[in-house]
Every structure is written in structure tokens, then in C-alpha cells.
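The numbers here are math on the coordinates, done by the rules we state, and not lab data. Just so it is clear, the model here is predicted, and its values are computed rather than measured. For neighbour counting, all protein chains shown are included, and Cβ atoms are generated from backbone atoms with ideal geometry for every residue, glycine included.
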2 protein chains.
Amino acid sequence: MTVKLVVLYTRPADPEAFEKHYLDVHMPMAVQIPGVQRAETARFVDAPDGGEVGWYRCAELYFADADALTAAFGTEQGRAVAADFEAVAPPGSRLLVADIDA
Amino acid sequence: MTVKLVVLYTRPADPEAFEKHYLDVHMPMAVQIPGVQRAETARFVDAPDGGEVGWYRCAELYFADADALTAAFGTEQGRAVAADFEAVAPPGSRLLVADIDA
């Protein structure tokens, strides 16, 4: 696995409703995207730098390489997950691709 | 591993010098902090959300639990790594603690 999609979520207006959809619907959909080799989700709880925690959640989807990631989001499942992200991610949430260091 | 320290780096003024220090000095120090069970670093390369990539790097240090993370940064090695972070992290870089979903 050489590349990952990093998703940073800003704080939702209704965290309880967000959590329910995110954990019960969104992530189960995401791990079924063809090519996803590993998935990890986490909720931010503290900011040791002394700032506001700010970000609410992060998620990472791991792929063999950049081509696999691109192909994944061209599949029906990938497009469905992207559409669900657009529907539920709070404004300012980010989708970033990162090259993992060897 | 139930908790991780997530480090988000903003873009350094001199990426080449930053990379050299980060990969040759900072991360080798970080993985020696007592209690670190896993470490991953990655460099952001793309923003599929259509925004600016913005963030430059992310790093994650994994611990058994929140107590282990707190204890880690009370050790001599943990304090040295924190001091090195303060010295080299570009302004606006973040240190966040996240609870990993089961």
C-alpha cells in the first residue's frame, strides 16, 4: 500500500446523527470500494498543541497505488461513496491524497 | 492500539531542507519514544475535493491507550521529539489526538 485517501471532517451540526450515519452506513460502504486494502477511522479528542481541536474526524482508505485509487472512485461503489460524502460531510471537510513513506 | 497522535504539517519554506531533517532526524527520533507501537508518515500530493492541497505532510504515532500517549511525552525521548517538532514544524502545523474506532 503506497497511497491513501485522507478524509478530514469538520464538526457536524448534529454529531449524534452524523455518527450514526457515518459508522452504520458510510464506512461500511467505503470499505466495499474495489481496491480498498485497509481502512481506519478515528475521532479527534484533544489538541496537545493548545489550539482548538477544530477537526472532528479523520478517515484513511489505503490503496496499492495511485492508479488503484483513481480506478476505485470510477467504480459504481466508489461513486456512491463519493456522493454520500458530498451529502453528509460538513462544510470545510477535506479529501486529500497522500503518498505513504516507505 | 486505541489512540494516535496525528500531526498535520503545513508547507515548509524550504521543502528540501525540511524533508532531510524530517526523514533523517525527526522520525527516527519519534519512533524511539517509549510506547510508540506504530508510526506512519505520508506526504500530501493531491486534493480530489478540488481545493488547495494546503497541508504538506501528516504523521501518525499509535499508542496502546491515552495513558500510554501521555506517559510517552513525559519521557526524555518524548520531550526531545516535542522540542524538535517546535523547532522545525512550519507555523500552523497541528498536533491532535484521535480515538481510533474499534
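Here are the numbers for the structure shown:
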{"read-out": "Computed magnitude of the charge dipole of chain B (debye, nearest 20; Cβ of K, R +1, Cβ of D, E -1)", "value": "120"}
{"read-out": "Rounded to the nearest 20 debye, dipole of the protein assembly as shown from Cβ charges on Lys, Arg, Asp, Glu", "value": "0"}
{"read-out": "Chain A - Rg (one decimal) and Dmax (whole number), Cα, Å", "value": "13.8, 42"}
{"read-out": "Aspartates and glutamates whose Cα lies under 14 Å from that of B:K4, excluding same-chain neighbours fewer than 8 positions away", "value": "A:E40, A:D46, A:E60, B:E40, B:E60, B:D65, B:D67, B:D99, B:D101"}
{"read-out": "D (Stokes-Einstein, µm²/s), Kirkwood Cα radius, the protein assembly as shown, 0.890 mPa s at 25 °C", "value": "140"}
{"read-out": "Alpha-carbon centroid distance for the pair segment A:75-90 / segment A:5-42, whole angstrom", "value": "10"}
{"read-out": "Rh (Kirkwood; distinct C-alpha pairs) - segment A:5-59, Å", "value": "12.5"}
{"read-out": "For B:V97, distant residues with modelled amide H under 5 Å away", "value": "A:V45, A:D46, A:A47, B:V6"}
{"read-out": "Acute angle (nearest 10 degrees) that the helix B:76-88 long axis makes with the longest principal axis of chain B, alpha-carbon atoms", "value": "10"}
